[in-house]
1. Residues being part of a helix (DSSP H, G or I), free of Cβ contacts under 8 Å to residues at least 12 places away in the same chain and of a type in the set (Val, Ile, Thr): count how many of those fall in the stretch 184-224.
2. Kindly establish whether PHE202 is open to solvent by less than 30 Å² (accessible area, probe 1.4 Å), of a type outside the set (Val, Ile, Thr) and under 18 Å from the mean Cα position of the chain (by Cα).
3. Within the stretch 125-135, how many residues are out of contact with any Lys or Arg (no Cβ under 8 Å at 6 or more places or on another chain), part of a helix (DSSP H, G or I) and open to solvent by less than 60 Å² (accessible area, probe 1.4 Å)?
4. In the stretch 161-183, what residues are part of a helix (DSSP H, G or I) and open to solvent by 20 Å² or more (accessible area, probe 1.4 Å)?
5. Confirm whether ILE39 is assigned to a loop (DSSP other than H, G, I, E, B), within 27 Å of GLU104 (Cα to Cα) and open to solvent by less than 80 Å² (accessible area, probe 1.4 Å).
6. Give me the residue from the stretch 266-285 that is touching a residue at least 40 places away in the same chain (Cβ under 8 Å) and either within 16 Å of LEU198 (Cα to Cα) or touching a strand residue (DSSP E or B) at 6+ places or on another chain (Cβ under 8 Å) (or both) and, out of that set, surrounded by the fewest Cβ atoms within 10 Å (Cβ to Cβ).
7. For the structure I just gave you, tell me whether LEU261 is closer than 20 Å to HIS141 by Cα, in contact (Cβ under 8 Å) with a residue 12 or more places away in the chain, touching a Leu at 6+ places or on another chain (Cβ under 8 Å) and surrounded by 14 or more Cβ atoms within 10 Å (Cβ to Cβ).
Amino acid sequence: MVIKKICVLGAGLMGNGIAQTCAQAGYEVTIRDIEQRFIDAGMSMIRKNLSRDVEKGRKTRAEMDTILARITPTLDLKKAATDVDVVVEVVIEVLEVKKVLFNELEEIVPAHCLFFTNTSGLSITEMAATTKRPDRFIGTHFFNPVPVMRLLEIIKGYETTDETLTIAKKWGESLGKEVIVVNEAPAFAVNRILCPMLNEAFFALETGVASAEDLDKGMTLGCNHPIGPLALSDLVGLDTLLRIMEGLHQELGDKYRPAPLLKKLVRAGNLGKKTGKGVYDYGKK
């Protein structure tokens, strides 16, 4: 199978990054969202990223224009997905929302189209089971910021074929990513290890082990992490972290119970950098 055209569903932080990365690799890309303001913000971010590359000499202005010309933004799902080879779904991390969207897509996409879902930990098998093509359904978990982070985690569902896995791996490599293959498990591989550590930092903060700044400093200087766990949580989004921990808790038991402070911050609407306030207040910086 030759992949030429890709539909990215979702123009948010991850979606616009995936669209940019695909266009940079030479693919024709449609990017679709449900409101014009989301589309505008996503395209603005792509232009900002590419302009920064031009300013730093990593790309020419002509290369930037060529990449942008490969991306077609739209609000129309049929226009976005009618003649594509791959759909990369990057909508909100709510299983039922994703299921409904894939059911809509079944009536739009061509028979050969593959379904890729970018999820931090939801069941690939459960999503695939709602479609007519569970054999052509796979998880492709990118990391933020997508154009910069080298890793792509590819997750097989129960009925994902080896052919689909091979195509997904080659596609990921064509984007310049290092690919790891994971059998479906709660939170997959990276988040299965990472998110409990982030969650534990909230327990430590809430019980007064140390200040947020010192907890983060301890992990950056003591463990050589590039960013502390609380600052990273703010970057990822506290709501996203909470959803992952709730999924782990449900699947694997009390060892993965979300920290009460994490839940409290999410309930307060303090979701991290995207809202201007999380563990840290970004309005003061």
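The values are calculated or read from the model by the stated rules, or taken from the named source; none is laboratory data. Since this is a predicted model, take the numbers as computed values, not measurements. A quick note on method: Cβ atoms are made from the backbone with ideal geometry, for glycine too, and the neighbour counts reach across all protein chains shown. Areas reflect the complete protein model, heavy atoms only, side chains present, ligands, DNA and RNA absent. Shrake-Rupley method; radii C 1.70, N 1.55, O 1.52, S 1.80 Å.
1. Matching residues across the stretch 184-224 total 2.
2. Criteria not met by PHE202.
3. Residues flagged as out of contact with any Lys or Arg (no Cβ under 8 Å at 6 or more places or on another chain), part of a helix (DSSP H, G or I) and open to solvent by less than 60 Å² (accessible area, probe 1.4 Å) within the stretch 125-135 amount to 4.
4. Matches in the stretch 161-183: ASP162, GLU163, LEU165, THR166, ILE167, LYS169, LYS170, GLU173, SER174.
5. no
6. It comes out as TYR280.
7. Judged against the criteria, LEU261 is not a match.
Yes/no per residue for (1) of a type in the set (Val, Ile, Thr); (2) at pLDDT 95 or above; (3) touching a helix residue (DSSP H, G or I) at 6+ places or on another chain (Cβ under 9 Å):
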residue	(1), (2), (3)
ASN199	no, yes, yes
ILE244	yes, no, yes
GLY247	no, no, yes
ALA268	no, yes, no
